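The values are calculated or read from the model by the stated rules, or taken from the named source; none is laboratory data. Because the structure is a prediction, the values reported are computed rather than measured. For neighbour counting, all protein chains shown are included, and Cβ atoms are generated from backbone atoms with ideal geometry for every residue, glycine included.
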Amino acid sequence: MIGKQKIWMAILAAGMSLGTAGMVMAQNGPGLPVSPAPVATINNASSTTALGQEALGWLVELIKINTTNPPGNEEAAAKYIAGILQKEGISSEILPLASGRSALVARLKHAATADPSRALLLVAHMDVVGVDKSKWTVDPFGATMKDGYLYGRGAVDDKGMLAANLAAFVALKRAGSRLNRDVIFLATCDEEAFGDPSIKGLIAKNWDKFAAGFAINEGGVVIAKDGKVQYTAVQASEKVTYNVDVVARGTSGHASIPLKDNAVLHLATALEKIGNYSAPVHLTAVTRRYFEGVASLQDDELGKWVRSLDTPDRGEHAARVISDANPAWSAMLRDTISPTMLSAGVRANVIPAEARATLNIRLLPGDTIGVLLAELNKIVNDPQVKFEIQTNAGLAAPTSSLENDFYTAIMKAAAQEFAGAPVLPYQSTWGTDSAQLRLHNVQAYGLVPFPLTEDDLKRMHGNDERIPVAAFGKGVALMVRIVNEFAVSR
Ligand SMILES: [Zn+2]
């Protein structure tokens with residue numbers, strides 16, 4: 001997942017720091033180490049535990065195959081997976097996308113004639129982000145086991161899910177399960193850079209090989225604290241990214257004679273006005289349900305305001321209270337603008353003719369950039385300042401349904417696996433490959449199926465990335481449950 005660790009932390013804070021009257025979970029005070037392997041053992045059949053152990057071995061090998069992107073080199077991982085599938089008697093196909101970069105697809109058939117609209121796609125990416133080796137205490141590609149954790153780049157993002165998907169897929173074949181739909185396993189490339197070898201290129205070249213009506217991908221999370229699952233957040237939609245430059249232009253001149261139309265000052269004034277702007281609150285079907293569910297996890301006072309969010313009389317004040325309580329919640333409720341880059345000037349004694357800032361904007365699904373920029377133009381109200389939309393916008397995709405059988409199956413499986421902890425739909429503030437799938441009429445949902453703590457999650461894309469071995473087993477068990485619930489005839 002791209003650039004998500006800070007946001008995870010804020011979301012975790014939302015779920016966790018407030019449990020006085022809600023869930024009683026604060027045995028570990030802030031700053032105290034979380035005991036290793038806190039997550040309960042798998043409570044279903046011991047065959048799933050054995051499968052978890054086996055899949056852990058696959059994860060170890062996948063971590064050891066360095067797929068740092070760039071250059072990616074995912075083909076080596078694809079070949080390793082092909083070998084596992086071959087031993088199980090499952091044929092797979094390597095799909096070349098660029099030199100050394102190939103995806104892999106395999107299918108378990110329900111009937112001789114495929115019905116893509118019913119098929120279930122299990123998708124995970126094989127590439128990982130780079131490492132700063134000097135900041136790791138273990139070899140990032142050594143797959144070190146220590147204190148109940150498996151360390152390594154990709155342990156969580158996304159080789160853990162890759163191995164769990166593979167386990168659920170292999171389990172179907174071993175059990176000789178009677179499928180009610182095709183189940184497709186897909187390992188993708190270049191998710192972290194989203195270039196030509198990414199799912200975008202894969203869909204363009206090979207859509208017919210993995211076309212499906214339903215998919216499960218990364219993008220959500222199972223939040224754990226003190227050995228218990230707090231809730232499972234299933235991503236059903238995502239915000240849409242735009243990068244917009246704010247450009248102020250003025251008269252260039254010698255700095256010894258200040259000018260009123262100085263571009264730097266006009267840009268600074270514009271940015272201050274933009275910074276003070278808060279876009280209107282807009283609840284979507286997903287966020288409405290998310291907040292309904294998350295209310296009961298808060299203390300009485302905050303829970304009350306979360307519940308008031310969708311009321312005509314107190315909604316506005318409630319939105320202010322909960323936005324102040326948690327920046328991730330604020331971002332879930334509205335379009336957001338973060339200035340991220342600034343440039344102006346070439347030397348200290350020259351007034352530049354132009355000053356430029358980049359805004360990273362995240363729109364709610366259904367909102368349009370034109371409407372937001374018209375509002376910003378009005379607020380800035382300066383003929384010297386213009387907005388320029390960069391061409392690298394994200395994709396506006398439809399939201400996946402919260403009413404279909406697959407979403408219901410995910411909810412049921414997660415609740416069973418995690419002792420009845422709430423399962424909530426989730427609208428992520430980041431983008432995932434699922435947007436591409438949703439644009440192809442796939443009901444795609446995001447999950448990282450492992451119960452992870454704040455500390456585990458913040459290592460994603462960071463240093464000493466790791467997964468608790470017990471959590472990995474639980475994630476494998478959850479994927480097995482989901483696939484069985486949805487794709488196996490009883
Ligand atoms: Zn990822």
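Just one of ALA419, ALA393, ALA413 is loosely packed, with under 14 Cβ neighbours inside 10 Å, more than 28 Å from ASP324 (Cα to Cα) and among the hydrophobic types (A, V, I, L, M, F, W, C); which is it?
On the way: ALA393 fails: loosely packed, with under 14 Cβ neighbours inside 10 Å; ALA413 fails: loosely packed, with under 14 Cβ neighbours inside 10 Å.
Checking each option against the conditions leaves just ALA419.
Pick from GLY394, GLY370: which is under 16 Å from the mean Cα position of the chain (by Cα) and of a type outside the set (Lys, Arg)? Give the steps one after another, and end with the answer.
On the way: GLY370 fails: under 16 Å from the mean Cα position of the chain (by Cα).
From the options GLY394, GLY370, the qualifying one is GLY394.
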**Item:** Qualifying residues in region 295-339 (those that are under 23 Å from ALA421 (Cβ atoms) and of a type in the set (Lys, Arg)) - the one surrounded by the most Cβ atoms within 10 Å (Cβ to Cβ)
**Value:** ARG307
**Complete:** Subset of region 71-99, residues touching a residue at least 60 places away in the same chain (Cβ under 8 Å), crowded, with 16+ Cβ neighbours inside 10 Å and more than 16 Å from LEU179 (Cβ to Cβ), comes to GLY72, GLU74, ALA77, ALA78, ILE81, ILE84, LEU85, SER92, LEU95, LEU97, ALA98
**Prompt:** Taking region 58-88 as the region of interest, how many residues are of a type in the set (Gly, Ala, Ser), over 25 Å from the mean Cα position of the chain (by Cα) and under 15 Å from ASN165 (Cα atoms)?
**Reply:** 1
**Asked** Are there any pairs, at least 6 apart or on different chains, whose C-beta atoms fall under 6 Å, with the first in region 282-294 and within 13 Å of SER428 (Cα to Cα) and the second in a helix (DSSP H, G or I), and if so, which?
**Response** THR287/MET332
**Message:** Which count do you get for residues in region 214-225 that are more than 16 Å from the ligand (Cβ to nearest atom) and either surrounded by fewer than 18 Cβ atoms within 10 Å (Cβ to Cβ) or hydrophobic (A, V, I, L, M, F, W, C) (or both)?
**Reply:** 3
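Within region 156-208, which residues are assigned to a loop (DSSP other than H, G, I, E, B), within 16 Å of the ligand (Cβ to nearest atom) and at negative phi?
Looking only at region 156-208, we keep the residues that are assigned to a loop (DSSP other than H, G, I, E, B), and these are 156-158, 176-178, 180-182, 189-198.
Now restrict to residues that are within 16 Å of the ligand (Cβ to nearest atom): 156-158, 189-195, 197-198.
Of everything in region 156-208, those that are assigned to a loop (DSSP other than H, G, I, E, B), within 16 Å of the ligand (Cβ to nearest atom) and at negative phi turn out to be VAL156, ASP157, ASP158, CYS189, GLU191, GLU192, ALA193, GLY195, PRO197, SER198.
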**Message:** Can you tell me how many residues within region 115-144 are under 30 Å from PHE214 (Cα atoms), touching a Lys or Arg at 6+ places or on another chain (Cβ under 8 Å) and outside any strand (DSSP E or B)?
**Reply:** 5
**Request:** Return only the number of the condition from (1) assigned to a strand (DSSP E or B); (2) at pLDDT below 95 that MET341 does not satisfy.
**Result:** (2)
**The lone exception for SER102 - which of (1) within 16 Å of the ligand (Cβ to nearest atom); (2) crowded, with 24+ Cβ neighbours inside 10 Å; (3) not hydrophobic (A, V, I, L, M, F, W, C) it fails** = (1)
